[in-house]
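In what follows, a single structure is set out as structure tokens and then discussed.
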Amino acid sequence: MRAPTRMVVALVSVLVLGCGDVTEPVAVDHTLAILNGTPTGTAYGAVGALLLDYNRDGVIDADDQWCSGTLIAPTLFLTAAHCVVPASDQPLGSQFYVSFSPNLSANATMIAAERYEWDPQFGNSQANRHDLAIVTLPAGAATGITPASLPEAGALESLAQRGTRFVNVGYGATTVGKGGSSFTYDGLRRISLSTFMSLQPTWLSLLINTSATKLGGDCYGDSGGPKFVEGDATTIFATVSTGDAVCRATSVSWRLDTPEARGFLGQFVPLP
């Protein structure tokens, strides 16, 4: 995705006020990306891009990047539900593709998905959105890539505290113009760090005010992408779901250690 112009019913908190206080979600463009990041190269190889023929030109390339996600089993790619639910520019039955190439612009390998399923409870509640989806890949298509691990139940209760830094990995916008007037993309998989802000029953909120933290964040291009804890490059604890509209303050991710998330994920993979 080159510019934040596609609108779907996406969950984006305009502002997180503090511990336990989140504003009502609103409908905003659904894709988010890595800010102030550096290219991963071959690291974080389980993190991929979700694409579809958005330009309707019959060619799948960096311009068609839609969301991000993570391989959690040899054929299962975890992303956000709002990335695959039908929309005007993404009709039911759309053919999705996944690429694990660190550079989508350099002869990237595109894997045609066999099917995709989202949590059936997605969209039933603004506060509890169940924003998860599984994209199934052909057997052998991701050979050589080690899947990421899922967290134990309640793992974030002890990990998420002041001073904890989380790792953002994904594709998309690398810089934001003044006032959110422009977004720059380069098709590279990038990594950045963000600091812990608050933990709600189903949400992990991170501070992405890069001017204040001197770190990074996520923005347009990375919905569905993973949140790792600094020092652990193998376990994903949450997936990107929302953020403020101009990528200046807060990133909000759907926790993977909750009964809600585990209830959906346990249908596809064994849980720790």
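If a residue has to be assigned to a loop (DSSP other than H, G, I, E, B) and aliphatic (A, V, I, L, M) to count, how many in the range 88-112 make the cut? Give the derivation first.
Just the residues of the range 88-112 that are assigned to a loop (DSSP other than H, G, I, E, B), to begin with: 88-89, 91-95, 100-102, 104-110.
Now drop any that are not aliphatic (A, V, I, L, M), which leaves 92, 104, 106, 108, 110.
The number of residues fulfilling the criteria is 5.
Of the residues THR70, THR109, which is surrounded by 17 or more Cβ atoms within 10 Å (Cβ to Cβ) and among the β-branched types (Val, Ile, Thr)? Walk me through how you get there before you give the answer.
On the way: THR109 fails: surrounded by 17 or more Cβ atoms within 10 Å (Cβ to Cβ).
The unique qualifying residue is THR70.
For GLY45, are the conditions met, namely being at positive phi and outside any strand (DSSP E or B)? Break it down stepwise before answering.
Working: at positive phi: no; outside any strand (DSSP E or B): yes.
Against the criterion (at positive phi and outside any strand (DSSP E or B)), GLY45 does not qualify.
State which residue is farthest from THR235 (Cα to Cα) when the search covers only the range 151-186 and only residues that are within 15 Å of the chain's Cα centre (by Cα) and modelled with pLDDT of 75 or more.
TYR171
Here's the yes/no breakdown for (1) closer than 17 Å to THR109 by Cβ; (2) in contact with a strand residue (DSSP E or B) (Cβ under 9 Å, 6 or more places away or on another chain); (3) not in a loop (DSSP other than H, G, I, E, B):
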position	(1), (2), (3)
TYR54	no, yes, no
ILE60	yes, yes, no
TRP66	yes, yes, yes
GLY69	yes, yes, yes
ILE72	no, yes, yes
LEU78	no, yes, yes
HIS82	no, yes, yes
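For LEU137, are the conditions met, namely being more than 18 Å from ASP53 (Cα to Cα) and crowded, with 16+ Cβ neighbours inside 10 Å?
Judged against the criteria, LEU137 is not a match.
So GLN267 ticks every box in (1) under 19 Å from LEU159 (Cβ atoms); (2) modelled with pLDDT of 95 or more; (3) more than 15 Å from the chain's Cα centre (by Cα) but one. Which box is left unticked?
Just one mismatch for GLN267, condition (1).
The values are calculated or read from the model by the stated rules, or taken from the named source; none is laboratory data. Not measured: the values here are computed from a predicted model. Reconstructed Cβ throughout: ideal geometry from the backbone, glycine too, with neighbour counts over all protein chains shown.
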